[in-house]
1. Just name the residue that is nearest to Ala69 (Cα to Cα) out of those in segment 25-49 that are in a helix (DSSP H, G or I) and touching a strand residue (DSSP E or B) at 6+ places or on another chain (Cβ under 7 Å).
2. Yes or no: Val68 open to solvent by less than 10 Å² (accessible area, probe 1.4 Å), free of Cβ contacts under 8 Å to residues at least 60 places away in the same chain and in a helix (DSSP H, G or I)?
3. Answer yes or no as to whether Asn231 is of a type outside the set (A, V, I, L, M, F, W, C), over 25 Å from Arg296 (Cα atoms) and within 16 Å of the ligand (Cβ to nearest atom).
4. Just give me the residues in segment 153-164 being more than 9 Å from the ligand (Cβ to nearest atom) and either crowded, with 23+ Cβ neighbours inside 10 Å or over 21 Å from Thr324 (Cα atoms) (or both), in sequence order.
5. Restricting attention to segment 136-152, does a residue exist that is over 17 Å from Pro181 (Cβ atoms) and open to solvent by 60 Å² or more (accessible area, probe 1.4 Å)?
6. Just to be sure I understand the filter: pairs with C-beta atoms under 6 Å, separated by 6 or more residues or on different chains, first member in segment 256-272 and under 17 Å from Pro230 (Cα atoms), second member in a helix (DSSP H, G or I). Which pairs pass?
7. Is it the case, given these coordinates, that Asp78 is open to solvent by 50 Å² or more (accessible area, probe 1.4 Å) and over 21 Å from Tyr25 (Cα atoms)?
8. Which of the residues that make up segment 81-95 are open to solvent by 30 Å² or more (accessible area, probe 1.4 Å) and part of a helix (DSSP H, G or I)?
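The values are calculated or read from the model by the stated rules, or taken from the named source; none is laboratory data. Just so we're clear, the structure is a prediction, and the values are computed from it rather than from any experiment. Glycine gets a Cβ as well: all are built from the backbone with ideal geometry, and neighbour counts include every protein chain shown. What goes into the accessible areas is simple: the full protein's heavy atoms, side chains included, and nothing from ligands, DNA or RNA. Shrake-Rupley method; radii C 1.70, N 1.55, O 1.52, S 1.80 Å.
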Amino acid sequence: MPSSSSRPVILTGDRTTGPLHLGHYVGSLRNRVTLQHTHEQYVLLADAQALTDNADDPAKVRRNVIEVALDYLAIGIDPELSTICVQSALLALAELTLLYLNFVSVARLERNPTIKDEIRMRGFGRDIPAGFLCYPAAQAADITAFKATVVPVGDDQVPIIEQTNELVRRLNRQIGHPLLPEARALISQTGRLPGVDGDAKMSKSQGNAVPLSASDSEIAAAVQRMYTDPNHLRASDPGQVEGNVVFIYLDAFDPDVEAVADLKAQYRRGGLGDMALKRRLTNILQATIAPIRERRAALGRDPDAIMDMLRTGAKRGRAITEQTKEEIITGLGLFRL
Ligand code: TRP
């Protein structure tokens, strides 16, 4: 159970910009279900961070707080074992962000490679929302407010954790003792799941994602679209396994590792058609997603229960983050009325 345990603390989260998909499932969600048994785990519905590049659509950000919460519960994050918090409900996070911005330079924010990439991808040009440029400081506030030492994230978030630790060292130096712990990024073993089109990243905005609420026919259609080996024209031809999206997915989802190894050998030799391979993957993904989709639908029929869960999470989250904020303000020797 949260709070009184001496388990290592995890803080992780997702921007609430859309329902979660198989990429999230493989990259982080599956891990969280396991980690909640050995860690004190907090999961943030990062609506404030979502707003840093969605200021023109706050309704989307709000709506997806509930969608992502449903995804969490449906995949097995248990609110008895983990604490699910809405970021904007924890005011201490906003206060710490404002404070932390004094301990980082604009030049350092501009140098963050993740931010640089994201600015390019979003085509902000010179019109970068200030909140967006500063979100690593806000994320440092998220992580440190919970005194988290483990942050399970995708590999793209590693520079954000590095910047968090720089801030931790800077703050601890100012405070005069190591009040805040440094955190380490925990990267999923499975790595990143490509989009169904073979693009390096599955993302809703690129239209190459399979959402956790996908129907059987949507799953079948997504698998049909998947890239295999473009030179594998006839079933009897030898085919390439490396970079073959269908095999990457089988590696991520097929529990029968030996069978997949046999299929790879057969594919390389020739004699295994893409259709048969795709049929196998379709069945596996349908079997993976069906129980998630059904739980999600059932949970969605009781919105009051979701709101209660979020209120309980906010209460627990507030207790911890307010406490840390007081310690930091006292540590820095600021005025308190
Ligand atoms: N930046 C993360 C993402 O894009 C979301 C996030 C917000 C987060 N606050 C966090 C992740 C704190 C880990 C810890 O998905």
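1. Asp47
2. yes
3. The answer is no for Asn231.
4. Within segment 153-164, Asp155, Val158, Pro159 meet the criteria.
5. Checked against the condition, which is being over 17 Å from Pro181 (Cβ atoms) and open to solvent by 60 Å² or more (accessible area, probe 1.4 Å), segment 136-152 yields no hits at all.
6. Final answer for the pair search is Leu272/Gln266.
7. Answer is no for this residue.
8. Those that are open to solvent by 30 Å² or more (accessible area, probe 1.4 Å) and part of a helix (DSSP H, G or I): Ser88, Leu91, Ala94, Glu95.
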